[in-house]
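Asker: I'd like to ask you about the structure that follows.
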Amino acid sequence: MQSGETGYLIAPDPSLPRLTRRVTGTDHEGRPSEIAVVEERPLTIYLNGQEIVTAMTIGDYPDYLALGFLRNQGMLREGETVTGVDHDEELGVVVVRTDTPTDHEEKLKRKTRTSGCAVGTVFGDMMEGLEGLTLPAAEVRTSWLYALSERINTTPSLYLEAGAIHGTVLCRADRPLVYMEDVGRHNAVDKVAGWMLRERAEAADKILYTTGRLTSEMVIKCAHMGIPVLASRSGFTAWGVEIAEQVGLTLIGRLRGRRFVCLSGEDRLVRDADPRGAGADRPRRSGTDG
């Protein structure tokens, strides 16, 4: 949904009938109960003439999902021109076409199944492209984090309507811009990556917020996207923290209300708001005096 009236560039539209289905069951007292459940359907992604992967997805924004998946897997390189993205809803296929030949047969032979939901797969060397990566200098104010947490968690969404869904939100300062949802958190972040690729959006001034766990896969995707700050209301994995420290990414988890934990990149934090909600303090960068 294009959501200019809500301040988002793209926001969830839980009213779309193809995203959920009404199902009747019984509750704990044996009474009839009708609820909305999330639809999931297969989407096969092709790069030129080569089949790459079949992902289980809710089916919205297939072009962004395909572009973002290929970009985050290193199959679309910097400077490579995408000449077209074709989606056939009936066949459940999306084809991304480039101006140069591609052959990823060897990369497809080497894959690691990650802890992500559904198709949580990273092809080849998971750390490929991260060596020597430098994320941009940036700051993240605690007042922004508090505002984002409140705004995102009260935005109408499939999660609030039906559950069984993950969300990823691209933010700038205290404003959420693009809010994507899917059955797998990796799908949601790939949709954001695809939007950024197509819109040629700047990454250096962005924050990526996810409702899911801060795993190695999420950190790697965020780093490949060039975004310096990754935040979540959920927790961490040890490898996710290690990789974040390696690439210099600010990693913030357990963000609920005015509470959070930062396990990497604390030098970007500016504590400009009282966590007790009693007003704002003078801005000060974490790790410095006064």
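Asker: Check S264: other-chain or 5+ apart residues with amide H under 5 Å from its amide H, H built from backbone geometry?
Answerer: HN-HN under 5 Å from S264: L251.
Asker: Of all beta bridges DSSP finds with both residues in the chain, what is the antiparallel percent, to the nearest 5?
Answerer: Expressed as a percentage, antiparallel bridges in the chain total about 75.
Asker: Then there is this: How would you classify the chain from its alpha-carbon gyration tensor, with a ≥ b ≥ c the square roots of the eigenvalues: rounded for a/c under 1.5, else prolate if a/b is greater than b/c, otherwise oblate?
Answerer: oblate
Asker: Tell me the per residue accessible area of the chain using a 1.4 Å probe; a whole number in Å² is fine.
Answerer: Heavy-atom accessible area per residue stands at 47 Å².
Asker: Per the 1.4 Å probe, what fraction of the accessible area of the chain, in percent, lies on carbon and sulfur atoms?
Answerer: Roughly 48 percent, rounded to a whole number.
Asker: I need to check one value: relative contact order of the chain, counting alpha carbon pairs closer than 8 Å and at least 6 residues apart, in percent.
Answerer: Working: 618 pairs, mean separation 47.9, N = 290.
Over the chain, the number comes to 17 percent.
Asker: Just from its helices, what would the mean residue ellipticity at 222 nm be for the chain, if runs of 4 or more DSSP H residues each count -39500 (n - 2.57) and the sum is divided by every residue, rounded to the nearest 500 deg cm²/dmol? Show your work: numbers first, answer last.
Answerer: On the way: 7 runs with 68 residues, N = 290.
Only helices count here, giving -7000 deg cm²/dmol.
Asker: Please name which of L133, G194, Y146 has its Cα lying farthest along the dipole of the chain towards the positive end, using unit charges on Cβ (Lys, Arg +1; Asp, Glu -1) and the Cα centre as origin.
Answerer: Y146
Asker: On the full set of protein chains, 1.4 Å probe, figure out the accessible area of L43 and give it in Å² to the nearest 10.
Answerer: 10
Asker: Same structure, new question: Can you pull the one-decimal nm distance between simple spin-label points at A137 and D99, each 7 Å off the Cα toward Cβ?
Answerer: Result for the modelled spin labels: 3.5 nm.
Asker: So between E199 and T24, what do we pick up on full extension, going 0.36 nm a residue minus the alpha carbon distance?
Answerer: Taking E199 through T24 to full extension adds about 58.9 nm, to one decimal.
Asker: Another one. What does the extension gain come out to for T83 and V37, with contour length at 0.36 nm per residue minus their alpha carbon separation? Present the calculation step by step, with values, prior to reporting the outcome.
Answerer: Working: separation 46, 0.36 × 46 = 16.56 nm, distance 3.64 nm.
Here the answer is 12.9 nm.
Asker: Which one of H224, H186, H28 has the biggest mean-square fluctuation once the chain is modelled by GNM with Cα springs under 10 Å?
Answerer: Maximum among the listed residues: H28.
The values are calculated or read from the model by the stated rules, or taken from the named source; none is laboratory data. Computed from a predicted structure; not experimentally measured. Backbone-built Cβ (ideal geometry, glycine too); neighbour counts: all protein chains shown. The accessibility values were calculated without ligands, DNA or RNA, using every heavy atom of the protein model including side chains. Shrake-Rupley method; radii C 1.70, N 1.55, O 1.52, S 1.80 Å.
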